[in-house]
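K.L.:
Take this structure first; my questions come after.
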Amino acid sequence: MIQNVSAAWFVVTRLARDRSALIGLVLIALLVLAAVLAPVLATHPDDVFELHPSERLKEPSGAHWLGTDRMGADVYSRLLFGARITILIGVIAVGASLALGVPIGLVAGYHHGWASDLLMRVSDIFLAVPQVVLAIAIAQTLGPSLPNVILALSVTYWPWFARVVYAETRALQKEVFVESTTALGASPWRLTVLHVLPNIASPIIVRASIGMGFTILTAAALGFLGLGPPPPTPEWGRTIAEAREFLPDAWPPPTPEWGRTIAESREFLPDAWWYAAAPGVAIFLTVMGFNLLGDGLRDVLDPRLRRSAARDG
């Protein structure tokens, strides 16, 4: 227990010395804080899923800090509640990818033979197709919903963990402690779980941190394409897509007849610039935070990189 606390304190102190990693850590902490305290921090928490046509597309003001959207909802409040969805997607998708990719990488890396080759060829098939394209295909097939987005991201990201774990496991097989443990009669399960896995935890943690940013960005892309959670869910990617839609200038329409031409309609951008700017900046800061933290963790947890950096300096 004391050793684990000391290791955690070492990582924190090293991250504190890295300005970029510290910025990333602060950004992620602010994201988590905004998600947890969304009902408290939101100025209009009860109106996140409500329609107020008379308040649509109001500019940022004291009443609405980031303006309102096309349905009159407060953009700032929806942004805070959207942080919950963003964290939910990232944590579950990366967690599921870890749960699938790490065991596959361990088994394929420790054992030799046709089964190991088969597992790696399957991961290669997934890696051969760009993750965004494959995620779009899966989400389009299953239909737009939050569970389907998480499933699409999990299915397309696990090969990255499998590849990292496979390479690290193969590299450790010739280490003295592995050969000694094998000679003492340790079972493959005990060897991989209790000896190999703790020694390859660093690259797994780094990959998970960077993967969170990439997964959130991909989820926003799916939402932008209309494949994410359906409205009125305050998902950031969908919000940006809504800012590009056309609606009649008159709202509500003067008559119940909606057969108006494109010439009689207008796009929210660039007039309602805050509509797309708020979630766009939120996505940018979130992804940058995870990337900066991932780079910092890589430098702290991987001694080889620290030594090479010292030589380069």
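The values are calculated or read from the model by the stated rules, or taken from the named source; none is laboratory data. Bear in mind the structure is a predicted one, so any value in this text is a computation, not a measurement. Glycine also receives a Cβ, built like all others from the backbone with ideal geometry; neighbour counts cover every protein chain displayed. Keep in mind that these areas ignore ligands, DNA and RNA; they rest on the heavy atoms of the full protein, side chains included. Shrake-Rupley method; radii C 1.70, N 1.55, O 1.52, S 1.80 Å.
K.L.:
If you take the Cα Rg of the range 70-119 and divide it by 2.2 N^0.38 Å, with N the number of residues, what do you get?
P.N.:
2.04
K.L.:
Round to the nearest 10 and report in Å² the accessible area of residue 165, as given by a 1.4 Å probe over the protein chains' heavy atoms.
P.N.:
Its heavy atoms expose roughly 0 Å² to the probe.
K.L.:
Quick check: pseudo-label points 7 Å beyond the Cα along Cα→Cβ at residue 29 and residue 183, how many nm apart are they?
P.N.:
About 4.8 nm, to one decimal.
K.L.:
Going by a ≥ b ≥ c, the root eigenvalues of the Cα gyration tensor, does the range 139-216 fall in the rounded group (a/c under 1.5), the prolate group (a/b larger than b/c) or the oblate group?
P.N.:
Taking the square roots of the gyration eigenvalues as a ≥ b ≥ c, the range 139-216 is prolate.
K.L.:
If you don't mind, there's one more thing I want to ask. What full-extension length gain, to one decimal in nm, is calculated for residue 124 and residue 194 as 0.36 nm per residue of separation minus the Cα-Cα distance?
P.N.:
That pair, residue 124 and residue 194, stretches by 22.4 nm at full extension.
K.L.:
Let me see the pair-distance distribution of the range 1-122: every alpha carbon pair, 10 Å bin width, integer percents in order.
P.N.:
Histogram of Cα-Cα distances, whole percents per bin: 12, 22, 24, 20, 14, 8, 1.
K.L.:
How far apart, in nm, are the 7 Å Cα→Cβ label points at residue 173 and residue 288?
P.N.:
With each label placed 7 Å out from Cα toward Cβ, I get 4.4 nm.
K.L.:
Right, here's the next one. Between residue 54 and residue 273, what is the FRET efficiency for a Förster distance of 30 Å, r being their Cβ-Cβ separation, to the nearest 0.05?
P.N.:
Computed FRET efficiency for residue 54 and residue 273: 0.90.
K.L.:
Give me the one-decimal nm value for the distance between modelled label points at residue 225 and residue 14, 7 Å along each residue's Cα-to-Cβ direction.
P.N.:
It is 3.8 nm.
K.L.:
Shape verdict for the range 52-163, please, from the Cα gyration tensor: rounded (a/c under 1.5), prolate (a/b greater than b/c) or oblate.
P.N.:
prolate
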